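Below is one structure; the comments refer to it alone.
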Amino acid sequence: MDTRPIGIFDSGVGGLTVFKELHALMPHEDFIYFGDTGRVPYGTRSRETILKYASEDMAFLLSHGVKMVVAACGTASAVLTNKETDRLPVPYTGVIIPSAQAAAVATSTGNVGVIGTPATVRSGAYGRAMRNVRSDIKVTGHACPLFVPLVEAGMFEEGNPVARELAKIYLSPFLGSTVDTLILGCTHYPMLAGLIGKMLGPGIRLINPGAETARYTLNHLMARGMLQDPAHQGISRYYCTDSPEGFAEVAEKFFGSFDASQVTRVELEELSALSKEEAP
């Protein structure tokens with residue numbers, strides 16, 4: 001048994017889709033969620049900048065004594081390598097491997113689509129991870145950079161005209177293609193899953209990185225005897241680098257209700273100082 005919390009980080013609020021799945025599977029666990037809302041999005045940044053931000057995010061979580069780090073950010077997961085994550089003093093997972101494994105098993109044609117931020121698509125990380133499971137996988141990747149600010153602004157309802165128009169443009173490469181499985185390669189995108197699914201139709205299966213990462217994390221902790229006492233009532237704490245009120249406003253649309261008093265703001269200078277002390 002391990003009573004320490006699980007740490008989750010993302011560039012903004014999109015990682016709450018991962019948190020929501022983790023909490024549903026492990027309600028007895030304590031969680032610390034860190035959203036770098038002051039520097040969102042990560043997906044249009046350089047690899048060096050993303051690594052710097054992710055290192056600071058992980059250092060923040062480590063300073064709170066977490067037992068596992070979950071990168072609930074497709075961009076950070078795609079850019080972080082074993083060189084960075086193997087040096088962490090606790091177990092780590094991103095969203096790439098869990099999602100890629102699920103997609104490789106789910107596809108019948110071997111043709112898998114990936115939508116994500118420009119940095120995620122450019123990295124080719126999903127393709128490499130899937131080919132470790134099935135060498136015949138063919139990947140069609142397409143960057144959808146404006147989906148992130150759309151979700152951060154809370155404009156993800158199926159009836160939203162801006163969301164519909166963007167989806168028409170971004171999903172056009174998959175319409176009429178041989179792709180039968182699509183990875184929602186950014187943790188913001190599951191909030192648009194209803195719209196995406198309706199536009200693509202039932203012939204294309206959507207892979208939710210949050211659900212897959214939650215199952216992967218549960219299995220990892222269970223195998224190592226690191227789960228919390230099942231009688232414990234889990235506590236969740238939230239941190240962000242911009243307005244707690246703005247964080248709560250979008251989180252409320254994710255969860256139905258959310259109190260801004262639950263969110264603590266962290267100054268970017270604090271992150272930088274922690275990174276020098278705690279980062280791997």
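The values are calculated or read from the model by the stated rules, or taken from the named source; none is laboratory data. For clarity, every value in this text was computed on a predicted model and none was experimentally measured. Ideal geometry is used to build each Cβ from the backbone, glycine not excepted, and the neighbour counts take in all protein chains shown. These area figures cover heavy atoms from the full protein model, side chains too; ligands, DNA and RNA do not enter into them. Shrake-Rupley method; radii C 1.70, N 1.55, O 1.52, S 1.80 Å.
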_Unmet requirement for K253, which otherwise passes all of (1) open to solvent by 30 Å² or more (accessible area, probe 1.4 Å); (2) assigned to a loop (DSSP other than H, G, I, E, B)_ = (2)
*Does the stretch 133-151 hold any residues that are aliphatic (A, V, I, L, M), within 14 Å of V112 (Cα to Cα) and in a strand (DSSP E or B), and which are they?*
V139
*Kindly provide the set of residues from the stretch 140-163 that are open to solvent by less than 60 Å² (accessible area, probe 1.4 Å) and over 17 Å from G35 (Cβ atoms), ordered by number.*
T140, G141, H142, A143, C144, P145, G159, N160, A163
*Just checking, which of A100, A72, A59, A78 is touching a Lys or Arg at 6+ places or on another chain (Cβ under 9 Å), closer than 23 Å to A223 by Cα and either surrounded by fewer than 23 Cβ atoms within 10 Å (Cβ to Cβ) or not aromatic (F, W, Y) (or both)?*
A100
*Looking at I50, is it in a helix (DSSP H, G or I), open to solvent by less than 10 Å² (accessible area, probe 1.4 Å) and not hydroxyl-bearing (S, T, Y)?*
yes
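Of all residues in the stretch 1-32, count the ones that are acidic (D, E) and either outside any loop (DSSP other than H, G, I, E, B) or buried (at least 24 other Cβ atoms within 10 Å of the Cβ) (or both). Step through it out loud before you land on a result.
Our first condition is that a residue be acidic (D, E); within the stretch 1-32, this holds for 2, 10, 21, 29-30.
Still in the list and also either outside any loop (DSSP other than H, G, I, E, B) or buried (at least 24 other Cβ atoms within 10 Å of the Cβ) (or both): 10, 21, 29.
The qualifying residues number 3.
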*asked:* Regarding the stretch 175-183, can at least one residue be identified that is surrounded by 14 or more Cβ atoms within 10 Å (Cβ to Cβ) and under 18 Å from the mean Cα position of the chain (by Cα)?
replied: yes
*Out of the stretch 53-78, which residues are within 13 Å of the chain's Cα centre (by Cα) and either among the aliphatic types (A, V, I, L, M) or assigned to a loop (DSSP other than H, G, I, E, B) (or both)?*
A54, V69, V70, A71, A72, C73, A76, A78
*So, in the stretch 107-125, of the ones that are of a type in the set (S, T, Y) and within 20 Å of S172 (Cα to Cα), which residue ends up farthest from the chain's Cα centre (by Cα)?*
T109
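Yes or no: V40 aliphatic (A, V, I, L, M), touching a residue at least 24 places away in the same chain (Cβ under 8 Å), open to solvent by less than 10 Å² (accessible area, probe 1.4 Å) and not in a helix (DSSP H, G or I)?
On the way: aliphatic (A, V, I, L, M): yes; touching a residue at least 24 places away in the same chain (Cβ under 8 Å): yes; open to solvent by less than 10 Å² (accessible area, probe 1.4 Å): no; not in a helix (DSSP H, G or I): yes.
Taking the combined requirement at face value, the residue does not satisfy it.
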_Let me spell it out: the conditions are (1) assigned to a loop (DSSP other than H, G, I, E, B); (2) modelled with pLDDT of 95 or more; (3) open to solvent by 30 Å² or more (accessible area, probe 1.4 Å); (4) of a type outside the set (A, V, I, L, M, F, W, C), and R215 meets all of them except one. Which number is the exception?_
(1)
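Applying the selection to the stretch 116-139, what residues are of a type in the set (G, A, S) and open to solvent by less than 60 Å² (accessible area, probe 1.4 Å)? Let's see the steps before the verdict.
Filtering the stretch 116-139 down to residues of a type in the set (G, A, S) leaves 116, 119, 123-125, 127, 129, 135.
Result: G116, A119, S123, G124, A125, G127, A129.
Taking the options P149, P209, P190, P173, name whichever one is in contact with a His (Cβ under 6 Å, 6 or more places away or on another chain) and either closer than 29 Å to M68 by Cα or in contact (Cβ under 8 Å) with a residue 12 or more places away in the chain (or both).
Working: P149 fails: in contact with a His (Cβ under 6 Å, 6 or more places away or on another chain); P209 fails: in contact with a His (Cβ under 6 Å, 6 or more places away or on another chain); P190 fails: in contact with a His (Cβ under 6 Å, 6 or more places away or on another chain).
On inspection, the qualifying residue turns out to be P173.
The rows are residues; the columns are (1) part of a helix (DSSP H, G or I); (2) among the small types (G, A, S); (3) over 23 Å from S99 (Cα atoms).
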| site | (1), (2), (3) |
| --- | --- |
| A167 | yes, yes, no |
| L192 | yes, no, no |
| L195 | yes, no, no |
| G234 | no, yes, yes |
| F247 | yes, no, yes |
| S261 | yes, yes, yes |
| L271 | yes, no, yes |
